[in-house]
Amino acid sequence: MPIRKKDTARALGLLEEYCTKLRKPEEQQLKTAIQRVMGIFQSNLFEALLDIQEFYEVTLLNTQKSCEQKLEE
């Protein structure tokens with residue numbers, strides 16, 4: 001199942017919301033781990049990987065486009 005930008009944005013929002021609810025000292029380790037995941041979702045590298053995946057799905061897997069069209073894109 002491919003990951004979409006809107007899905008990652010929704011996941012990021014849910015993680016942020018959940019993270020604000022973590023206040024107890026014993027939840028600090030979980031909060032730190034969630035913040036790391038959020039940082040990954042917000043990174044330029046992750047965004048670039050999503051762009052590459054989208055290009056692959058929309059362009060390279062498109063059977064209606066010729067090889068020439070795919071090369072141009």
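The values are calculated or read from the model by the stated rules, or taken from the named source; none is laboratory data. All of these numbers come straight from a predicted model, not from anything done at the bench. All Cβ positions, glycine included, derive from the backbone under ideal geometry; neighbour counts span all protein chains shown. Side chains are part of the model used for accessible areas, which takes the heavy atoms of the whole protein and leaves out ligands, DNA and RNA. Shrake-Rupley method; radii C 1.70, N 1.55, O 1.52, S 1.80 Å.
For this structure, a couple of remarks:
- Taken over the range 31-54, residues that are open to solvent by 80 Å² or more (accessible area, probe 1.4 Å) and in a helix (DSSP H, G or I) amount to 8.
- Residue within the range 20-27 that is surrounded by 10 or more Cβ atoms within 10 Å (Cβ to Cβ) and more than 14 Å from Ile3 (Cβ to Cβ) present: yes
- Taking the range 56-70 as the range and being exposed (fewer than 12 other Cβ atoms within 10 Å of the Cβ) and either in a loop (DSSP other than H, G, I, E, B) or hydrophobic (A, V, I, L, M, F, W, C) (or both) as the test, the residues that pass are Val58, Leu60, Leu61, Thr63, Gln64, Ser66, Cys67.
- Scanning the range 1-29 for residues that are acidic (Asp, Glu) and farther than 30 Å from Val58 by Cβ yields a total of 3.
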